[in-house]
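One structure is given here, and the rest of the page talks about it.
The values are calculated or read from the model by the stated rules, or taken from the named source; none is laboratory data. This structure is a prediction, so every number in the text was calculated from the model and none was measured. Using ideal geometry, Cβ is built from the backbone for each residue, glycine included, and neighbour counts are taken over all protein chains shown. When the accessible area is computed, the model is the full protein with side chains, heavy atoms only, and any ligands, DNA or RNA have been set aside. Shrake-Rupley method; radii C 1.70, N 1.55, O 1.52, S 1.80 Å.
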Amino acid sequence: MSEQPRRPRKPGKPYRRPQKDPVRILAFEALRAVDERDAYANLVLPPLLRKAREKEGPEKFDARDAALATELVYGTLRRQGTYDAIIADCVDRPLREVDPPVLDVLSLGVHQLLGTRIPSHAAVSASVELARVVLGDGRAKFVNAVLRKVARDDLDGWLERVAPPYDKDPEDHLAVVHSHPRWVVSALWDSLGGGRSGIEDLLDADNERPEVTLVARPGRATPEELLGEEAAVPGRWSPYAVRLSEGGEPGAVEAVREGRAGVQDEGSQLVALALANAPLDGPDRRWLDGCAGPGGKAALLGALAAERGAFLLASEKQPHRAGLVARALDGNPGPYQVIAADGTRPAWRPGSFDRVLVDVPCTGLGALRRRPEARWRRRPEDLEGFAPLQRGLLRSALEAVRVGGVVAYATCSPHLAETRAVVSDVLKQHPGTELLDARPLLPGVPDLGEGPDVQLWPHLHGTDAMYLALVRRTS
């Protein structure tokens with residue numbers, strides 16, 4: 001049998017297998033999980049990094065790989081609005097017609113080009129290789145063409161092109177330049193009370209990587225113990241706070257592993273401390289955390305209550321979150337109980353408690369530094385959904401506290417509809433109450449406004465934008 005003649009090869013470059021880059025593949029997988037499953041990056045990324053570290057061979061991660069993957073994910077999510085505007089200027093179709101996986105690869109590439117020190121040629125090359133691996137050669141050519149257009153200018157140049165002038169549309173200008181939805185810009189601006197510098201400082205702070213802050217739970221750990229850790233520095237405002245500088249890993253801290261300390265923003269610590277130190281008329285024996293999940297404030301309150309011999313009841317509606325509260329309080333030195341109960345349908349008798357905390361569910365607009373994807377998921381109509389629950393929880397808290405006792409209403413949102421509007425509406429229905437000045441209970445903290453309530457800010461205090469109102473029941 002005669003041998004068949006071989007077909008001549010077509011002229012051109014030989015096929016080259018795409019190069020797998022484990023760092024960028026992991027970042028892409030994290031972004032897809034955020035988009036497809038409505039997951040949060042702070043929950044998706046750690047297990048992906050842990051799995052990558054456990055691998056053997058060339059794909060095993062080191063600390064630098066993990067840092068780059070983290071920057072790519074969070075940086076892309078924080079600047080998504082800005083990058084979308086730039087990409088939209090470089091494609092010949094509406095962004096909604098670009099496949100989401102392609103848009104994720106493009107966004108990762110734009111962040112490397114405009115938001116990092118990675119050289120332009122390397123950013124484009126690495127992004128095209130990622131596209132070849134996860135999208136295929138055809139769409140990789142599209143990615144290459146778009147990113148080469150983006151690479152022609154720097155971030156400032158692009159912002160001049162895609163952001164409307166401030167004097168013509170200030171809110172839309174700020175939304176594009178600082179990568180926030182327009183309605184969020186408007187709401188934050190109202191909460192700040194106007195002024196361009198303040199809103200720009202706040203939006204900038206939302207786009208910065210937050211520090212990791214630990215809390216030394218009284219009676220179980222001390223700040224001095226935590227300060228003995230590498231990369232640890234004192235907190236700014238809370239006597240129990242310790243900050244980890246860049247690269248500090250909470251899981252490496254023995255007290256955190258043992259539950260004697262925890263990861264907790266300093267704003268949350270200040271809320272718990274203000275309630276614990278608020279002046280009471282009468283006994284101080286029974287405390288309630290009426291919305292205790294996931295347990296950070298409850299653990300600090302429980303430790304503070306234990307120092308005074310007081311009992312803490314921690315209530316959380318969702319059973320799985322009640323389990324997190326129980327884990328956070330495990331080992332508390334004083335008496336406590338954790339229950340799964342609806343705070344708007346109390347499982348306790350009226351007037352049973354001396355101090356009550358309700359840290360109510362909210363839009364989370366005060367924690368956009370930590371959950372940057374939340375800014376793109378929330379809608380103005382979400383406020384209407386939270387409003388009845390927030391008012392119901394505050395009403396129940398006022399019924400749960402005895403005459404002379406104090407309620408702390410807290411929320412991780414500066415939106416006026418979730419803060420002062422709620423407190424004002426509920427107190428109108430409860431004439432036997434008075435607002436306490438919360439500012440003296442945050443000693444040393446500057447820029448607390450006119451009171452009596454307190455609004456913390458990332459750009460002023462380095463904390464999440466926690467809101468706090470203290471209410472004493474007078475009759």
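Residue check: is Leu436 at pLDDT 95 or above and open to solvent by less than 30 Å² (accessible area, probe 1.4 Å)?
Details: at pLDDT 95 or above: yes; open to solvent by less than 30 Å² (accessible area, probe 1.4 Å): yes.
For Leu436, the condition - at pLDDT 95 or above and open to solvent by less than 30 Å² (accessible area, probe 1.4 Å) - is met.
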Given (1) more than 15 Å from Leu103 (Cβ to Cβ); (2) open to solvent by 50 Å² or more (accessible area, probe 1.4 Å), index of the condition Arg139 fails: (1)
Every residue from the stretch 443-459 that is of a type outside the set (Val, Ile, Thr), in contact (Cβ under 8 Å) with a residue 12 or more places away in the chain and surrounded by fewer than 21 Cβ atoms within 10 Å (Cβ to Cβ): Gly444, Pro446, Asp447, Gly451, Pro452, His459
Matching residues in the stretch 326-379 - criterion: being in contact (Cβ under 8 Å) with a residue 40 or more places away in the chain and part of a strand (DSSP E or B): Val338, Phe353, Asp354, Arg355, Val356, Leu357, Val358, Asp359
Single unsatisfied condition, Pro283 versus (1) in contact with a helix residue (DSSP H, G or I) (Cβ under 9 Å, 6 or more places away or on another chain); (2) open to solvent by 20 Å² or more (accessible area, probe 1.4 Å); (3) not in a helix (DSSP H, G or I): (1)
Single unsatisfied condition, Gly309 versus (1) more than 22 Å from Gly385 (Cβ to Cβ); (2) assigned to a loop (DSSP other than H, G, I, E, B); (3) in contact with an Asp or Glu (Cβ under 8 Å, 6 or more places away or on another chain): (3)
Qualifying residues in the stretch 60-93 (those that are open to solvent by 50 Å² or more (accessible area, probe 1.4 Å) and not in a helix (DSSP H, G or I)) - the one modelled with the highest pLDDT: Arg79
Residue within the stretch 460-473 that is surrounded by fewer than 21 Cβ atoms within 10 Å (Cβ to Cβ), over 27 Å from Pro239 (Cβ atoms), touching a Pro at 6+ places or on another chain (Cβ under 9 Å) and basic (Lys, Arg) present: no
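Please state which one of Leu226, Leu147 is closer than 30 Å to Arg327 by Cα and assigned to a helix (DSSP H, G or I).
Going through Leu226, Leu147 in turn, the sole match is Leu226.
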The listed residue being of a type in the set (Asp, Glu), under 23 Å from Gln80 (Cβ atoms), modelled with pLDDT under 95 and open to solvent by 20 Å² or more (accessible area, probe 1.4 Å), out of Glu208, Glu200: Glu208
Members of the stretch 397-410 that are part of a helix (DSSP H, G or I) and open to solvent by less than 10 Å² (accessible area, probe 1.4 Å): Ala397, Leu398, Ala400
Scan of the stretch 231-253 for residues that are over 20 Å from the mean Cα position of the chain (by Cα) and farther than 28 Å from Leu448 by Cα, ordered by number: Ala231, Ala252, Val253
Hey, Ala410 within 23 Å of Arg473 (Cβ to Cβ) and without any contact (Cβ under 8 Å) to a residue 60 or more places away in the chain or not: no
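Return a yes/no flag: does the stretch 143-156 have any residue that is farther than 17 Å from Leu113 by Cα, free of Cβ contacts under 8 Å to residues at least 40 places away in the same chain and open to solvent by 30 Å² or more (accessible area, probe 1.4 Å).
The initial filter retains those residues of the stretch 143-156 that are farther than 17 Å from Leu113 by Cα, namely none.
No, there is no match, as no residue in the stretch 143-156 is farther than 17 Å from Leu113 by Cα, free of Cβ contacts under 8 Å to residues at least 40 places away in the same chain and open to solvent by 30 Å² or more (accessible area, probe 1.4 Å).
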